[in-house]
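Here's the structure, in structure tokens; my notes come after.
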Amino acid sequence: MSGSRADSQAGGRVMLEAPARLEKEVRKSVFLAQAAPVATPAEALDFVRAVSVADATHNCWAYRIGQDYRSDDAGEPGGTAGRPILQVIDGQGFDRTVVVVTRWFGGIKLGAGGLVRAYGGTAAECLRLAPRTPIVTLVRLAFHCGFADLALLRARLGAMDAVVEEEAFDATGADLVVAVPEARMDEAVARIGDLTRGQSVPRVLD
């Protein structure tokens, strides 16, 4: 399964602070969920390959990275494993996240509904207990400021959680590229204008 949607960094998305794992038994089958923060689909697939257990019955997985998502039932009946894992990732507001749920069959068939609950439930509990951190969408602003304003600008923008990404000096001052949380962009633009008495006009970079 693959597809796209609107940018998922908006609306309070979160990501894992570190890899997480959780194991549980469901009617004698053992389910092991392993989750990790990832930045690209290639990194997600690398994680899937790294943690999949060759002698397990199934290694089912899903990831969500912004507009990119994918899931795999890995031999389980269609829609009973990968899709429930993806629904858990989305339902708990995670982004930049991959989850692999490995199953060792214990001899009792669970049926389609039982599989959905087992795979989704194991993934859900793993993510629910894992430390998470908010995803902050950043906007990059470029502007020039004089030497006299540079120190104060740095201090005031730093207090707004802005980070100077690039700095190049010339005879009159510095060309800056600053990453600012999207929610504070208007405030940052106004602050830059005020501190430089209207001499610096930031522009938003793509």
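Quick notes on this structure:
- Gain in span if fully extended, Arg197 to Gln92, counting 0.36 nm per residue against the direct Cα distance: 33.3 nm
- Overall dimensions of segment 138-205 by Cα: Rg and Dmax, Å: 10.5, 33
- Largest GNM mean-square fluctuation across Asp68, Asp186, Asp90, computed for the chain with C-alpha springs under 10 Å, falls on Asp186.
- The convex hull of the Cα atoms of segment 14-134, projected and averaged over all directions, covers 6.5 nm².
- Gain on full stretching of the segment that runs from Arg49 to Phe105 - 0.36 nm per residue minus C-alpha separation: 18.2 nm
- Per residue, the solvent-accessible area of segment 155-203 (1.4 Å probe, heavy atoms of protein chains only, all protein chains present) comes to 58 Å².
- Apolar share of the accessible surface for segment 14-134: 51 percent from carbon plus sulfur atoms, 1.4 Å probe.
- Over the chain, relative contact order from alpha-carbon pairs under 8 Å, at least 6 apart, %: 22 percent
- Total charge dipole magnitude, segment 1-154, about the Cα centre, Cβ charges on Lys, Arg, Asp, Glu only, Debye to nearest 20: 320 debye
- Neighbour net charge for Asn59 - beta-carbon separation under 9 angstrom, K R +1, D E -1: 0
- With both labels modelled 7 Å from their Cα along Cα-to-Cβ, the Glu17 to His144 distance reads 4.4 nm.
- Residues in segment 111-137 reached by a label modelled at Asp68 [backbone nitrogen below 20 Å; 7 Å Cα→Cβ]: 135-137
- When shorter helices are ignored and each DSSP H run of at least 4 residues is given -39500 (n - 2.57), the per-residue value for the chain at 222 nm works out to -9500 deg cm²/dmol.
- Val30-Leu129 pseudo-label distance in nm [points 7 Å out on the Cα-to-Cβ vector]: 1.5 nm
- A crude spin-label estimate for the pair Glu166 and Asp186, with each label 7 Å from Cα along the Cβ direction, gives 2.7 nm.
- Taking every protein chain into account, the accessible area of segment 14-134 amounts to 44 square angstrom per residue (probe 1.4 Å).
The values are calculated or read from the model by the stated rules, or taken from the named source; none is laboratory data. Keep in mind it's a predicted model, so treat the numbers as computed, not measured. All Cβ positions, even for glycine, are placed from backbone atoms using ideal geometry, and neighbour counts span all protein chains on display. These accessible areas exclude ligands, DNA and RNA; they are computed on the full protein's heavy atoms, side chains included. Shrake-Rupley method; radii C 1.70, N 1.55, O 1.52, S 1.80 Å.
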